[in-house]
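To start, the structure itself, in structure tokens.
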Amino acid sequence: MTAPTDTWTVAGRTFNSRLIVGTGKYKTYQENADAAEAAGAEIVTVAVRRVNLSDPSQPMLVDYVKPDRFTFLPNTAGCFTGEDAVRTLRLAREAGGWDLVKLEVLSDTAHLYPDMIETLRALELLIKDGFQVMVYCTDDVVMAKRLEEAGAAAIMPAAAPIGSGLGIQNRVNIRLIIEQATVPVLVDAGVGTPSDATLAMELGCDAVLMNTAIAGAKDPILMASAMKHAVIAGRQGYLAGRMPRRLYASASSPMAGLI
Amino acid sequence: MRRIQVNGEERSVAADTILALVEELGLDVRKVAVERNLEIVPRSLHGQTALAEGDRIELVQFVGGG
């Protein structure tokens with residue numbers, strides 16, 4: 001077990017779980033809720049969309065993934081400008097009553113990488129409006145610093161394109177972003193397997209955010225549990241400090257006393 | 001009846017306030033957020049915010065997302 005004191009804090013809120021899960025792409029809201037429980041998540045990301053006026057009795061996310069059980073992290077998925085992001089998150093704040101949000105301002109729908117110039121501008125608008133902003137970004141080390149200087153509550157570089165499951169493509173950049181940051185750094189997007197999540201944590205990430213890696217697994221509940229353990233393993237490995245790499249072998253059994 | 005736009009669709013509604021509109025549409029007032037002509041209408045003001053002809057209303061909720 002992770003020591004109970006090993007918590008992390010973002011925007012003044014402290015959490016034990018270092019695994020944030022998305023709530024998209026599940027077959028049902030029930031499966032979604034079960035996966036979030038199996039992941040041990042305390043924070044879930046959510047999107048803001050128009051209600052369905054033709055069938056108001058449709059099941060709603062909040063009836064299954066309950067806001068009194070999870071901290072909701074509203075996102076700006078689908079926003080392409082700072083103004084869109086501010087408008088969306090003002091509605092989210094009204095719907096949920098809190099100010100901790102995830103900013104993502106996308107560019108091209110083929111790769112879903114964020115438009116970092118517009119992201120930085122949107123961040124400034126949101127901070128002026130009183131939001132605490134966790135920012136989805138590219139793994140650009142210099143831009144990550146700019147976001148932090150602009151007041152980001154957390155830096156969340158993509159490991160690989162959203163939903164690709166390709167794992168960490170540039171571990172050097174992720175490590176450099178972690179080393180320079182004084183706010184939490186989370187790998188957000190691109191994780192495919194438990195080992196990807198472990199690697200992110202071994203690099204020193206404060207937490208990992210994923211959606212498709214769990215929702216897109218053959219057994220999402222089992223994968224959620226695997227991811228929970230993977231994140232804990234990576235975190236403990238990071239805290240324990242890895243052995244030095246060597247170019248040659250180093251025997252574990254003593255040479256003395258050989259028969 | 002007044003003609004307004006709700007979530008991009010033209011509608012004729014009997015409601016004269018935001019609260020009455022949400023109820024007329026069969027929605028749970030605790031689970032939706034309301035924007036009227038690009039301005040947020042806080043839940044505490046739903047009952048006293050009047051609807052006017054031509055208003056553009058957005059009613060949103062949380063849905064699954066990553």
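The values are calculated or read from the model by the stated rules, or taken from the named source; none is laboratory data. Just so it is clear, the model here is predicted, and its values are computed rather than measured. Heads up, the Cβs are rebuilt from the backbone with ideal geometry, glycines too, and the neighbour counts pull from every protein chain shown. The area values use the complete protein model at the heavy-atom level, side chains included, leaving out ligands, DNA and RNA. Shrake-Rupley method; radii C 1.70, N 1.55, O 1.52, S 1.80 Å.
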Notebook entry, point to check: Going through region A:97-134 one residue at a time, which ones are open to solvent by less than 20 Å² (accessible area, probe 1.4 Å) and either within 13 Å of chain B (Cβ to nearest Cβ) or part of a strand (DSSP E or B) (or both)?
Noted result: A:LEU100, A:VAL101, A:LYS102, A:LEU103, A:GLU104, A:LEU106, A:PRO114, A:VAL133, A:MET134
Check: Just wondering, is there one or more residues in region A:30-47 that are closer than 23 Å to B:PRO42 by Cβ and not acidic (Asp, Glu)?
Finding: yes
Check: Right, B:GLN5: of a type outside the set (Val, Ile, Thr), closer than 25 Å to A:PRO74 by Cα, surrounded by 11 or more Cβ atoms within 10 Å (Cβ to Cβ) and touching a Lys or Arg at 6+ places or on another chain (Cβ under 8 Å) or not?
Finding: no
Next item on the list: Report whether or not B:ARG3 is over 16 Å from A:ARG50 (Cβ atoms) and assigned to a strand (DSSP E or B).
Entry: yes
Check: Which number in (1) part of a loop (DSSP other than H, G, I, E, B); (2) open to solvent by 30 Å² or more (accessible area, probe 1.4 Å); (3) within 25 Å of A:GLN132 (Cα to Cα) marks the one condition that A:ALA159 misses?
Finding: (2)
Next item on the list: Can you give me the number of residues within region B:41-66 that are aliphatic (A, V, I, L, M) and either within 14 Å of B:ASN7 (Cα to Cα) or part of a loop (DSSP other than H, G, I, E, B) (or both)?
Entry: 5
Check: In region A:18-49, how many residues are more than 13 Å from every other protein chain (Cβ to nearest Cβ) and either within 26 Å of B:ASN7 (Cα to Cα) or open to solvent by 10 Å² or more (accessible area, probe 1.4 Å) (or both)?
Finding: 6
Check: Among the residues of region A:72-82, is there at least one that is open to solvent by less than 20 Å² (accessible area, probe 1.4 Å), modelled with pLDDT under 95 and part of a loop (DSSP other than H, G, I, E, B)?
Finding: yes
Notebook entry, point to check: Based on what the data block shows, is B:ARG30 open to solvent by 60 Å² or more (accessible area, probe 1.4 Å) and either assigned to a strand (DSSP E or B) or among the acidic types (Asp, Glu) (or both)?
Noted result: no
